[in-house]
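The values are calculated or read from the model by the stated rules, or taken from the named source; none is laboratory data. Note that the coordinates shown come from a computational prediction; the quantities given were computed from them, not determined experimentally. Here Cβ is always computed from backbone atoms with ideal geometry, including for glycine, and neighbour counts include all displayed protein chains. Note: accessible area is taken over every heavy atom of the protein model, side chains too, but ligands, DNA and RNA are not part of it. Shrake-Rupley method; radii C 1.70, N 1.55, O 1.52, S 1.80 Å.
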Amino acid sequence: MIRIPSRWKRLLQRLRRSRGASVAVEFGIIAPVTIMTIFGIIEFGRYYWTLVTAQEAAAVGGRYAMTHTSASDSEITAYAEASVYGADGASYSVSRDSTGGVNFVTVQAQFPFSLTIPLLLEDALTVTGTSRVPLNE
């Protein structure tokens, strides 16, 4: 049998009766979960904003192509780029095709997205918005 000195016994009994340490342990368990949840909500909001911005850029380019049927691909791209605010580093592509005698223009906007907390993903994601519109020529 292990013999514990009396001063250690008194200290252990006092710690066992104390409730202050349990608050610290509970905080240590709950705080990381709460902080990660908050940052997750913020990151999801940023991602969704980027997704909506990419789709809006493609839609603006598509609407411009519909109303300006003789516009070149570079004019459509320039208009879409000028119409969207707060999205730096975006790349645009315009393609044309024909189906059943109807001419279509497809505008695609790709935006880079990287997390503010780089622990989860080190590489940037690419968020894409696409709009395919008919041309009334």
Residue-normalised accessible area of the chain, expressed per residue, 1.4 Å probe, Å²: 73
Dipole magnitude (debye, nearest 20) for the chain, charges at Cβ of Lys, Arg, Asp, Glu: 2220
Sulfur and carbon atoms: percent of accessible area, the chain [1.4 Å]: 61
Mean shadow area of the chain, taken as a quarter of the surface of its Cα convex hull (nm²): 15.4
Pair residue 125, residue 30: separation of 7 Å Cα→Cβ label points (nm): 3.0
Label-point gap, in nm, between residue 12 and residue 39 - each point 7 angstrom along Cα→Cβ: 3.9
Simple label model, 7 Å out from Cα along Cβ direction - residue 99 to residue 67, nm: 2.5
